[in-house]
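The values are calculated or read from the model by the stated rules, or taken from the named source; none is laboratory data. Bear in mind that the values here come from a model prediction, so they are computed numbers and not experimental data. Quick reminder, even Gly has a Cβ in these numbers, built from the backbone with ideal geometry, and neighbours come from all protein chains shown. Calculation scope for accessible area: heavy atoms of the full protein, side chains included, ligands and nucleic acids excluded. Shrake-Rupley method; radii C 1.70, N 1.55, O 1.52, S 1.80 Å.
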Amino acid sequence: QVRLMESGGGLVQPGGSVRVACVASGINFRLYTMAWYRQTPGKDRELVANISGDGRTNSRDFVQGRFTISRDNVKKTVYLQMNDLKPEDTADYYCKVGVYGRGFWGRGTQVTVSS
């Protein structure tokens with residue numbers, strides 16, 4: 001059974017940093033592209049960044065230069081390091097993996113950027 005569990009969110013001041021993590025189980029982790037999404041109330045979930053099994057990354061324009069996605073294939077964990085946070089980065093952050101055409105999601109971790 002594929003399971004994803006996020007952690008590491010919390011309250012952060014504007015300009016601050018936080019790292020969220022997602023631990024995967026039930027898959028041969030190194031084979032799969034992992035992605036981070038975020039969602040705010042009333043809006044669709046949006047892709048933030050993804051990383052292939054061999055470490056190639058893509059990130060959306062609105063986080064380039066501030067957020068970094070990385071992974072540890074031994075720990076079966078994908079990370080999202082978020083720097084220079086802005087109030088508009090406040091959201092629930094979810095990790096996702098696609099397995100055989102089906103998307104699997106974690107329950108999310110909340111990041112609130114506020115003074």
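Which one is farthest from the chain's Cα centre (by Cα) among residues in region 37-57 that are open to solvent by 90 Å² or more (accessible area, probe 1.4 Å) and among the acidic types (D, E)? Within region 37-57, the match that is farthest from the chain's Cα centre (by Cα) is D54. If you go through region 1-20 and pick out every residue that is open to solvent by less than 40 Å² (accessible area, probe 1.4 Å), in a strand (DSSP E or B) and within 13 Å of W105 (Cα to Cα), you end up with 2. Flag not set for A35, criterion: of a type in the set (G, A, S) and under 24 Å from S114 (Cα atoms).
Considering only region 32-65, state which residues are part of a strand (DSSP E or B), closer than 15 Å to Y93 by Cβ and of a type outside the set (S, T, Y).
The answer is M34, A35, W36, R38, Q39, E46, L47, V48, A49, N50, I51.
Here is the figure for region 80-104: residues that are out of contact with any Gly (no Cβ under 8 Å at 6 or more places or on another chain) and open to solvent by less than 30 Å² (accessible area, probe 1.4 Å) total 5. Please verify whether region 49-63 includes one or more residues that are farther than 29 Å from Q1 by Cα and in contact with a helix residue (DSSP H, G or I) (Cβ under 6 Å, 6 or more places away or on another chain). Scanning region 49-63, I find no residue that is farther than 29 Å from Q1 by Cα and in contact with a helix residue (DSSP H, G or I) (Cβ under 6 Å, 6 or more places away or on another chain), so the answer is no. Scanning region 21-36 for residues that are of a type outside the set (G, A, S) and either touching a strand residue (DSSP E or B) at 6+ places or on another chain (Cβ under 9 Å) or buried (at least 18 other Cβ atoms within 10 Å of the Cβ) (or both) yields C22, V23, I27, F29, R30, Y32, T33, M34, W36. Of everything in region 80-115 that is among the acidic types (D, E) and over 11 Å from the mean Cα position of the chain (by Cα), the residue that is farthest from Q1 (Cα to Cα) is D84. When restricted to residues that are part of a strand (DSSP E or B) and in contact (Cβ under 8 Å) with a residue 12 or more places away in the chain, region 72-115 contains 22.
Only one of the listed residues (R56, R45) is free of Cβ contacts under 8 Å to residues at least 60 places away in the same chain, charged (D, E, K, R) and within 16 Å of Y79 (Cβ to Cβ). That residue is R56. Among residues belonging to region 58-79 that are charged (D, E, K, R) and crowded, with 16+ Cβ neighbours inside 10 Å, point out the one that is nearest to the chain's Cα centre (by Cα). Per the criteria, the residue is R71. T109 meets each of the listed conditions (1) at pLDDT 95 or above; (2) open to solvent by 40 Å² or more (accessible area, probe 1.4 Å) apart from (2).
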